[in-house]
Amino acid sequence: MKTGMTTALLVLIMPVCVWATTLRLSTDIDLLVLDGKKVSSSLLRGAESIELDNGPHQVVFRVEKTIHVASHEQRVYISPPLVASFNTQRVSQVNFSLPRLETEKESQIFDAAPRIALLDGDAMPIPVKLDILAISNTPKGVNYEYDTERYNKAGLSASLPQFATQMADDSTLLSGVSELDMPPPQSQTLTEQRLKYWFAQADPQTRNRFMQWAKEQPSS
């Protein structure tokens, strides 16, 4: 009886585990949008993974892979942009698993009916909803962030409404509603990476002003 009570007390005083998830990046996957926000290529350069909070996530990506065509030639196959929604609750690692994509015929089959699997660190499947992202061409080119927002607002099969609010461009920070006013749910690690990126772009005077401002902010 005493042992049982001791165990119960230990459970009560133990801190709640904070789960985090590692999204493993693949050379065959071109990550375009994460949780409603465009992913900067500079943030991914040389990275093998991205750390995510546990919970619901959504990625928009393309498959880019060298395939064999007629006459023993090769070309780079690029899939249509795909939307994948999944939940990392109690999942420590997420790995992309693609079907065989080696030939022209296999790429055509994938275009007609894309399918991927997400596996955890033990190679067990993670439930995922997959769809093709319809894109809209504009004079400025394709805006995957905007198209993802439009997709999520439409309530389609892989939509996640919590990522439907697009963050404002950096040029609007000083007027109207900005990304500082209404940040959408996203990985806190990705937020830290974005802060580090823009800090590195600033000149010394701007960095000093930012550091002074940061020191003046409340601790909580």
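Every number in this text was worked out from the coordinates using simple rules, so none of it is lab data. These numbers come from a predicted model, not from an experiment. Glycine gets a Cβ as well: all are built from the backbone with ideal geometry, and neighbour counts include every protein chain shown.
Please give the direction-averaged projected area of the C-alpha convex hull for region 42-127, in square nanometres with one decimal.
Taking the Cα atoms of region 42-127, their convex hull projects to 6.8 nm² on average.
Work out how much length Ile132 to Ala113 would gain on full extension: take 0.36 nm times their residue separation and subtract the Cα-Cα distance, in nm to one decimal.
Once the chain is fully extended between Ile132 and Ala113, it gains 5.9 nm.
Could you list, in their original order, any pairs among Lys140/Lys215; Lys105/Lys129; Lys37/Lys105 whose Cα atoms are separated by more than 30 Å? If you can, show how the numbers build up before the last one.
Numbers: Lys140/Lys215 39 Å; Lys105/Lys129 24 Å; Lys37/Lys105 33 Å.
The answer is Lys140/Lys215; Lys37/Lys105.
Under 14 Å from a point placed 7 Å out from the Cα of Glu73 along the Cα-to-Cβ direction: which residues of region 100-120 have their backbone N that close?
104
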